[in-house]
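Okay, so here's the structure we're looking at.
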Amino acid sequence: MRIFSTVPTGLLLAITAGASPVHAATDGLSALFASGRPTYTLDIDNDSLLLNRADGLYTSGLRVSGNYRERDGSGWRSAGWRFGQQIYTAKHAQLRPEQLGPRDHPYAGWLYGGLYYWIERADGSDLTFGLDLGCFGPCAAGRQTQEFLHRLLSQPQPLGWAAQLSNEWGVVAQLGGRGPVIRLGRAADLRVGGVARVGNIFTDAAADLTLRIGATAAADGSRLYGFLRGGMRAVVHDASLQGGWFGGGEARAVAPRRLTRELEAGLQWQSGAWAVRASVVARGSEIRGVPDGRGGQEFVRLSISYSP
């Protein structure tokens, strides 16, 4: 379930291949794309799916990805691609730019595409390398996407996009993984994970702990379980709040909270070629000086996967 340029491709392959020549790694990755079992996934984050007509802060995330997986000894290896868009607005999207407060979330968009390589082991541990390239600011078409969605959902149009953060090309490298599964019984386990990102759009690190209860690995490959995940994120730079590294002074930029918390609860189902994961995420305030009661938010996270 879990996710343009030839230069970043070569960089990613060099990392995953260790000391091997880049052309050998390229051949190996091409073979994996050709022979691995594909999985295609649509990921959606949206606060409007809570049906309370709330719309603000991290208001929308959309990602389409493809993953190609094959057995590697006692575990698995896979490679994949992804394309996505993230949209951020003020807490109340019907405020005009002149009405926005000094610590309100800036309007911003991030449009990206990338590649990743994923190693899974028999004990449940895994390791992922990824690299994304994209465009931040008006070029990310956040305004056009949100206005279209609001027309589709018969919601009032957002009014503050004239104050969005400036354009910047972006590069974000990612390294993440999870430790071995910790069994708590026949129908429960714990998983510890972490991820670090470095780039001019996001530079941060996060750690989480996930409790799963239910049928996490049936003999026929089907799954149905509930999960509860708690995590913390340490922020060095967040362009959705501060603007990019190279954009200069941003009139609407705000200082990030260095530590933010997140809690997620949901269900995951898998049978045959299909898998669905649905959850509600509660995220604390990401803006320095803004308490969780005023700057926190909730949104729905939905993931649908198909493996032909």
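Quick one: in the range 145-160, which of the residues that are open to solvent by less than 20 Å² (accessible area, probe 1.4 Å) and touching a Lys or Arg at 6+ places or on another chain (Cβ under 8 Å) is farthest from Ala93 (Cα to Cα)? Give the derivation first.
Residues of the range 145-160 that are open to solvent by less than 20 Å² (accessible area, probe 1.4 Å), as a first pass: 146, 150, 158, 160.
Retained after the next criterion (residues that are touching a Lys or Arg at 6+ places or on another chain (Cβ under 8 Å)): 158, 160.
Values: Pro158: 5, Gly160: 7 Å.
Going through the qualifying residues, I end up with Gly160.
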Original post:
Under 9 Å by Cβ, and 6 or more places apart or on different chains, what pairs join a residue from the range 260-286 that is part of a strand (DSSP E or B) with one that is of a type in the set (Phe, Trp, Tyr) and open to solvent by 50 Å² or more (accessible area, probe 1.4 Å)?
Top reply: Trp274/Tyr306; Ala275/Trp269; Ala275/Tyr306; Val276/Trp269; Arg277/Trp269; Ala278/Trp269
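Please determine, by comparing only the residues of the range 59-99 that are in a helix (DSSP H, G or I) and not charged (D, E, K, R), which one is surrounded by the fewest Cβ atoms within 10 Å (Cβ to Cβ). Show your work before the answer.
The initial filter retains those residues of the range 59-99 that are in a helix (DSSP H, G or I), namely 97-99.
Next cut, not charged (D, E, K, R) only: 97, 99.
Numbers: Pro97: 15, Gln99: 12.
Once the filter is applied, the top-ranked residue is Gln99.
Would you mind stating whether Asp126 is modelled with pLDDT of 95 or more, open to solvent by less than 60 Å² (accessible area, probe 1.4 Å), over 16 Å from the mean Cα position of the chain (by Cα) and under 23 Å from Ser303 (Cβ atoms)? Working first, answer last.
Values: modelled with pLDDT of 95 or more: yes; open to solvent by less than 60 Å² (accessible area, probe 1.4 Å): yes; over 16 Å from the mean Cα position of the chain (by Cα): yes; under 23 Å from Ser303 (Cβ atoms): yes.
Criteria met by Asp126.
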Original post:
Exactly one of (1) of a type outside the set (Phe, Trp, Tyr); (2) under 14 Å from the mean Cα position of the chain (by Cα); (3) over 21 Å from Val276 (Cβ atoms); (4) modelled with pLDDT of 95 or more is unmet by Thr59. Its number?
Top reply: (4)
Subject >> Restricting the range 258-273 to residues that are under 20 Å from Ile213 (Cα atoms) and touching a Gly at 6+ places or on another chain (Cβ under 6 Å), the residue that is least open to solvent (accessible area, probe 1.4 Å) >> reply: Glu262
Original post:
Which of (1) of a type in the set (A, V, I, L, M); (2) open to solvent by less than 70 Å² (accessible area, probe 1.4 Å); (3) modelled with pLDDT of 95 or more does Leu228 not meet, given it meets every other one?
Top reply: (2)
Original post:
Scanning the range 274-291 for residues that are surrounded by 15 or more Cβ atoms within 10 Å (Cβ to Cβ) and either at pLDDT below 95 or basic (Lys, Arg) (or both), which turns out nearest to Lys91 (Cα to Cα)?
Top reply: Arg283
**OP:** For Ala163, work out the one condition from (1) of a type outside the set (Val, Ile, Thr); (2) open to solvent by less than 40 Å² (accessible area, probe 1.4 Å); (3) touching a strand residue (DSSP E or B) at 6+ places or on another chain (Cβ under 9 Å) it doesn't fulfil.
**Re:** (3)
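Can you tell me how many residues within the range 100-136 are outside any strand (DSSP E or B) and under 30 Å from Ser74 (Cα atoms)? Explain how you work it out, then say what you get.
Taking the range 100-136 first, the residues outside any strand (DSSP E or B) are 100-107, 121-125.
If we keep only those that are under 30 Å from Ser74 (Cα atoms) too, we end up with 121-125.
Of the residues in that region, 5 qualify.
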Original post:
Within the set of pairs 6+ apart or on separate chains, which have a first residue in the range 216-230 that is closer than 21 Å to Tyr306 by Cβ and among the aliphatic types (A, V, I, L, M), a second that is open to solvent by less than 30 Å² (accessible area, probe 1.4 Å) and not in a loop (DSSP other than H, G, I, E, B), and C-beta atoms under 7 Å apart?
Top reply: Leu224/Gly214
Original post:
How many residues, within the range 292-306, are modelled with pLDDT under 95 and among the basic types (Lys, Arg)?
Top reply: 1
Original post:
Got a number for residues in the range 231-240 being over 25 Å from Ala278 (Cα atoms), open to solvent by 10 Å² or more (accessible area, probe 1.4 Å) and among the small types (Gly, Ala, Ser)?
Top reply: 1
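When you look at Gly230, is it more than 26 Å from Asn200 (Cβ to Cβ) and not in a strand (DSSP E or B), yes or no? Give the derivation first.
Details: more than 26 Å from Asn200 (Cβ to Cβ): yes; not in a strand (DSSP E or B): no.
In short, no.
The values are calculated or read from the model by the stated rules, or taken from the named source; none is laboratory data. These numbers were taken from a predicted model, which means no experiment stands behind them. Here Cβ is always computed from backbone atoms with ideal geometry, including for glycine, and neighbour counts include all displayed protein chains. These accessible areas exclude ligands, DNA and RNA; they are computed on the full protein's heavy atoms, side chains included. Shrake-Rupley method; radii C 1.70, N 1.55, O 1.52, S 1.80 Å.
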